[in-house]
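Following: one structure in structure tokens, then a few remarks.
What follows draws every value from the coordinates through simple rules; no lab data is involved. In this text, all values refer to a predicted model and were calculated from it rather than measured experimentally. Neighbour counts run over all protein chains shown; Cβ positions are idealised from the backbone, glycine included.
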Amino acid sequence: MVDLAPGLESKNYGLRKTPDPQTLWDSLKILFPLAMIAGALSIYIWIYSENTFIGYQNQSLSEQRDAALKIEQQLILEEQILKDPQWVEATARRDLGMVVLKADQIITALPRNRDAGGTDALAWKTTYRSTDSGKTSTLN
């Protein structure tokens, strides 16, 4: 394309060195709604991403709760097994080598009596038999 104008003065591209207030106002009328739409979309995207993040956290916490409930059920079952007297006796005999007490190995407790301070005290009487000499001793 050939420009036949003699100089730059005759070319008018609509550009001016200083903008007038009307041009600025027209530009703001165009840019302000676009900025509002961009802001609204940014807020929408932020809320959506937060909602997604909270959903992932909720799922993770739900999985942790399910795992904790499963562990709780296992612990309740284990507690019930460990409280079973037959299991305790069998384990004591099998693993620890314990045997049932003999009559001369039992420690008896005497009835409560009041001591000089006015408080209840349990008087313990321990009787044991020495297997070597056949003697009986009493400790108070």
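Quick one: grab the alpha carbon gyration tensor of region 18-99, order the square roots of its eigenvalues as a ≥ b ≥ c, and give me rounded if a/c is under 1.5, else prolate or oblate depending on whether a/b is larger than b/c. Could you put the intermediate results ahead of the total?
Working: a/c = 14.45, a/b = 8.11, b/c = 1.78.
Since a/c reaches 1.5 and a/b is larger than b/c, the shape of region 18-99 is classed as prolate.
Spin-label pair Ala90-Tyr44: with each label point 7 Å from Cα along the Cα-Cβ axis, the two points sit 6.8 nm from one another.
Charged side chains reduced to their Cβ positions (Lys and Arg at +1, Asp and Glu at -1) give region 64-105 a dipole of some 80 debye around its Cα centre. Extension gain, Glu63 to Leu24, is 8.3 nm, computed as 0.36 nm per intervening residue step minus the present C-alpha separation. Are there trypsin sites (Lys or Arg not before Pro) in region 12-110 that DSSP puts in a loop and that have at most 16 other Cβ atoms within 10 Å, and which ones? For trypsin sites (Lys or Arg not before Pro) across region 12-110 that sit outside H, G, I, E and B with at most 16 neighbouring Cβ atoms in 10 Å, the list reads Arg16, Lys17, Lys102.
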